[in-house]
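Everything below concerns the one structure shown next.
The values are calculated or read from the model by the stated rules, or taken from the named source; none is laboratory data. On a predicted model such as this, the values are computed, not experimentally measured, just so you know. Note that each Cβ is placed from the backbone with ideal geometry, even for glycine, and that neighbours are counted across all protein chains shown.
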Amino acid sequence: MEKWNVKLITIGNARCIRLPSALLEKYDGGESLVLKVTKDGVLLSGTKINQLSWKEAYRAMAVSNEDWSDLDVTVADGLD
């Protein structure tokens with residue numbers, strides 16, 4: 001687990017944190033970030049969704065040599 005110590009600064013009437021540029025570059029923080037409050041604390045993440053296209057997903061699946069032999073059983077289990 002990485003740990004970054006950041007300082008609180010005052011800008012106008014707001015209390016802010018200054019994030020290191022290395023941290024922003026690593027987690028793709030462009031002009032904005034998503035802030036989520038969790039039970040464990042605050043989570044900052046980039047706004048870009050790391051989602052594969054169908055073509056990229058197919059290529060990744062083909063390379064992984066995943067075993068799909070039980071697919072017929074799963075499809076035939078009566079769930080729609």
(request) Could you please find all residues in region 26-53 being at pLDDT below 70 and under 19 Å from residue 4 (Cβ atoms)? (result) 28, 29, 30
(message) I'm trying to understand the selection: among the residues of region 1-48, which are polar (S, T, N, Q) and touching a strand residue (DSSP E or B) at 6+ places or on another chain (Cβ under 7 Å)?
(response) 45, 47
